[in-house]
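One structure below.
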């Protein structure tokens, strides 16, 4: 769910992909004339490297790396210019010596290997051991077998612009605690690992600690913090209080592990404080805060607010649910098996998550292409790029769209993008009427100004809250929310994405003074995967 992932518009979408993955080669022509022939330039080898080439190239690369011969090792890669400084820094900046690399038997063009080295700095030494892998490819112009250069060849997880550095830490260590002074560690709460690194990078100085001496990955973006690999000398940790609830965080950690590629956020609607944030992913990307994907029908909370605020309809007003709806030549459908209801109210179409009812209503006056954007920005505080949560986060995006995307946006497809953090905030605003920007660290610590928005009228908020209650009690959210009543509510969502066999599962809900939202990539319908995650967090009570 990384930044830039593009969701499909509901309806017929066709993507044509033109491949060009082959490696370059020269055609060789030999001219023969008279009593002899003049041969052209020697043929450049093509095709995948042979097993012998893979073994020979990787072996020479490893040997040069072990000796600290950065230039020689870099010349065995297909991008020596990028490889050279990182390989040189391995010895000069990271102070890694006594390097020993043990390769496994190649698997095709891929070679896995283990690395053992010694970190030596200012009279202190410690061992470092890790596993990584590389791939050998054919050079496009030379035809030589070369190591396909990626920063992760040097250390797993390294990305372009990252460096390995040993020395005094860029920021003092922190002891992060929850709202009740319970210590938060990445060992007990694995999802918080990257978040604690980011908090240390931003607030280490303010927390009052003293630097450590360590080997760390430093990112090109300093705001992302640094990741400590080996500590040679401990610094003094400063205490940093967060808004996290250890109880809610523990529940979130357990819940996301049940579904691959899942993320969840819980907030306190009365204050905006983040109570839990958890991710279950193959990488360390904080998709809960930074993910940018279509939110599916959870977006109907904002669309319903727009319809009510603009006098188009109300909770008990008409919102006919038809089998299909056509908007500017684009045909929209409902979930398979949903029965049409021409007499449906907005509340009924909301709790059943009828797409066609919302598509038909976005054509009503006085609505324009900008109406949904205005509602999202002015009422819900989204899409203005001004949230200051304490770490890096995404503010949501609801662009003004014409054509079929105007209707698609209204049901959480098209060009709309959200994160679980955004949707948890949407629910908090819907049930309280006030937009309170979510935050993880008190703004008093660094005097940052939180984002503001008008919020909703009491009437609109009351209607949204009641429709979410109906959805949790008797609508699409009922199976996941069973047993959580009476002061509860929910909205489900599923978002179709190009190239995925199953839709992304979205779910947002509230119980008392806790609002939560979750997303599971390829999780199916909203209640199938994201729903149980949200319900598990809400059961803790914050």
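What follows draws every value from the coordinates through simple rules; no lab data is involved. Only a predicted model underlies this, so the values are computations on that prediction, with no experimental measurement involved. Counting neighbours? That spans all protein chains shown, and the Cβs are built from the backbone with ideal geometry, glycine included.
Things to note:
- Cβ-Cβ distance of residue 333 and residue 378, R₀ of 35 Å, FRET efficiency by 1/(1 + (r/R0)^6): the value works out to about 0.65.
- A simple spin-label model places the labels of residue 482 and residue 177 4.2 nm from each other, with each point 7 Å out along Cα-to-Cβ.
- Counting 0.36 nm for each residue step from residue 210 to residue 284 and taking away their Cα separation leaves a gain of 24.0 nm.
- Modelled label reach - residue 260, point 7 Å along Cα→Cβ, segment 460-502 residues with backbone N closer than 15 Å: 500-502
- Distance between segment 402-461 and segment 156-179 - C-alpha centres, whole angstrom: 31 Å
- Counting neighbouring Cβ atoms within 10 Å and putting the fewest first, the residues 510, 394, 285 line up as 285, 394, 510.
- With both labels modelled 7 Å from their Cα along Cα-to-Cβ, the residue 152 to residue 220 distance reads 1.7 nm.
- Order of 267, 534 under a 10 Å beta carbon neighbour criterion, fewest first: 267, 534
- Projected label points at residue 392 and residue 168, each 7 Å from Cα along the beta carbon direction, are separated by 2.6 nanometres.
- Modelled FRET efficiency - R0 56 Å, residue 445 with residue 316, Cβ distances, 0.05 increments: 0.75
- Modelled FRET efficiency - R0 35 Å, residue 370 with residue 69, Cβ distances, 0.05 increments: 0.05
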